[in-house]
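The values are calculated or read from the model by the stated rules, or taken from the named source; none is laboratory data. Predicted model, so just to flag it, every value in this text is computed and none were measured. We place every Cβ from the backbone using ideal geometry, glycine too, and count neighbours over all the protein chains shown. For the accessible areas, the whole protein counts, side chains as well, though only heavy atoms, and no ligand, DNA or RNA atoms are used. Shrake-Rupley method; radii C 1.70, N 1.55, O 1.52, S 1.80 Å.
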Amino acid sequence: PAATMAVSCDAGAPVAGGEAPNFHGHWDFLMVPRGTPSFGLMSIGFVGADYGGSLAPVRTAPVVLRKITLTGNSIHMVVASREGDVQFDGRLSGKGDFMCGTVTYHGGETFPMVAQKRPSAYQSQPQAQRAR
């Protein structure tokens, strides 16, 4: 029998008056395109003062994560793919270590996605302090 998987989350409110989260690091992600779970690793780092990185799904080749924008606890990411940009729109947890939302493919199909940041002792310089 087929298993059913529902992906949802309550990302919580951002910390009031707190510093913007630092996305630098490795994130485990799960998205569910057409009902099939797809796991992978998202690596985010700085390119100058902005964020960039890559997504490496287990079953396909890595793709470039070329833009990340955060407004409050709303997060938007743009992933370059061979067929065109793929968009992620979601919410970030108050601690900045968990995100959930929707992936929109170039053809308009949408799929749920969640990501959790891996713990790390390394702390990069906050984005606000990076030179442009």
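Among the candidates Thr71, Thr104, single out the residue that is open to solvent by 70 Å² or more (accessible area, probe 1.4 Å) and either among the small types (Gly, Ala, Ser) or without any contact (Cβ under 8 Å) to a residue 60 or more places away in the chain (or both). I'd like the intermediate steps shown before the answer.
Values: Thr104 fails: open to solvent by 70 Å² or more (accessible area, probe 1.4 Å).
Only one candidate passes the filter, namely Thr71.
What residue, of Val58, Val15, is surrounded by fewer than 16 Cβ atoms within 10 Å (Cβ to Cβ), modelled with pLDDT of 90 or more, touching a Gly at 6+ places or on another chain (Cβ under 6 Å) and not charged (D, E, K, R)?
Just one listed residue meets the conditions, Val58.
Select from the stretch 76-113 the residues that are in a strand (DSSP E or B) and of a type in the set (Phe, Trp, Tyr) and write down the one among them that is nearest to His26 (Cα to Cα).
In this case the residue turns out to be Phe98.
Looking at Phe46, Phe39, which one is open to solvent by 20 Å² or more (accessible area, probe 1.4 Å), among the aromatic types (Phe, Trp, Tyr), on the phi < 0 side of the Ramachandran plot and at pLDDT below 90?
Phe46
Give the residue, chosen from Val32, Val86, that is among the aliphatic types (A, V, I, L, M), open to solvent by less than 60 Å² (accessible area, probe 1.4 Å) and at pLDDT below 90.
Val32
Could we say that Gln116 is in contact (Cβ under 8 Å) with a residue 60 or more places away in the chain, closer than 15 Å to Asn22 by Cα and part of a loop (DSSP other than H, G, I, E, B) here?
Considered against the rule, which asks whether it is in contact (Cβ under 8 Å) with a residue 60 or more places away in the chain, closer than 15 Å to Asn22 by Cα and part of a loop (DSSP other than H, G, I, E, B), Gln116 comes out as no.
Which count do you get for residues in the stretch 119-132 that are surrounded by 12 or more Cβ atoms within 10 Å (Cβ to Cβ) and either modelled with pLDDT of 90 or more or in contact with a Gly (Cβ under 9 Å, 6 or more places away or on another chain) (or both)?
Selection size over the stretch 119-132: 2.
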